[in-house]
Amino acid sequence: MQEENHKQIAGFLKNGDYQSALDFLAKIEEKARNDSDYWYYSGHIARKMGDLKRAEIFCKKALELSPISRNANFEMGIIYQTAGEYKQAILFLKKLVDNSSQDVHFTDMVDTLNSLALTYKKAGDGTTALKYYNLALETLAQDVYEHIKG
């Protein structure tokens with residue numbers, strides 16, 4: 001997808017205007033259907049609109065096109081968490097934590113760690129949840145320190 005398309009969809013999502021985002025995706029479908037981000041956005045919107053089955057189908061398509069898509073893997077984790085399928089959610093979210101690189105923005109890492117912690121908490125594993133909440137806080141604190149130091 002072109003950068004302008006990402007910006008357009010991000011604007012709709014920021015405003016919670018999921019129908020406009022869907023309409024926009026429908027307009028670009030012909031050109032974008034082989035793009036992982038197109039399917040990720042479709043899955044994200046479907047989840048936000050409460051259709052977890054379609055969200056899962058769309059995100060699986062995104063992952064077929066790009067198995068390492070950070071957005072699609074995160075979205076799958078959230079879809080499974082929302083559906084109460086915590087083991088599946090943990091697999092996707094933990095994969096992001098374990099395979100993260102230095103170029104991952106700290107806010108994405110904090111979101112992932114918090115989501116993983118919440119998933120463990122919902123699954124009844126408070127000890128592991130606390131571990132990941134602490135990692136999220138450490139990640140945030142490190143970024144604040146780097147910012148102040150810089």
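Rule-based calculations on the coordinates, nothing more; no lab input. Note that the coordinates shown come from a computational prediction; the quantities given were computed from them, not determined experimentally. Note that each Cβ is placed from the backbone with ideal geometry, even for glycine, and that neighbours are counted across all protein chains shown.
Which of these, 37, 108, 98, has the largest mean-square fluctuation under a Gaussian network model of the chain (Cα springs below 10 Å)?
Between 37, 108, 98, it is 98 that shows the largest mean-square fluctuation.
Specify the angular offset, from 0 to 90 degrees and rounded to the nearest 10, of the alpha carbon long axis of helix 86-98 from the longest principal axis of the alpha carbons in the chain.
80
List the chymotrypsin sites (Phe, Trp or Tyr not before Pro) within region 13-68 that DSSP assigns to loop and that have no more than 11 neighbouring Cβ atoms inside 10 Å.
Numbers: sites: 18, 24, 38, 39, 40, 41, 58; in loops: none.
Those that pass, being in a loop and sparsely packed, number zero.
What are the ³J(HN,Hα) values, in whole Hz, obtained from phi via the Karplus relation 6.51 cos²θ - 1.76 cosθ + 1.60 with θ = phi - 60°, for each residue of region 22-39 in sequence order, with x given for Gly and Pro?
5, 4, 5, 4, 4, 5, 9, 4, 4, 7, 10, 5, 9, 10, 4, 5, 4, 6
Once the Cα atoms of the chain are picked out, what are the Rg and Dmax in Å?
Cα only, the chain: 16.3, 48 Å (Rg, Dmax).
In whole percent, what relative contact order does the chain give with Cα contacts below 8 Å and a gap of six or more residues?
13
From the square roots a ≥ b ≥ c of the eigenvalues of the alpha-carbon gyration tensor of region 51-95, which class results: rounded (a/c under 1.5), prolate (a/b over b/c), or oblate? Write out the running numbers ahead of the final one.
Values: a/c = 2.43, a/b = 1.18, b/c = 2.05.
Oblate is the answer for region 51-95, as a/c is 1.5 or above yet b/c matches or exceeds a/b.
Using the reciprocal of the averaged 1/r over all distinct C-alpha pairs, how large is the Kirkwood radius of region 17-83 in Å?
It works out to 11.5 Å.
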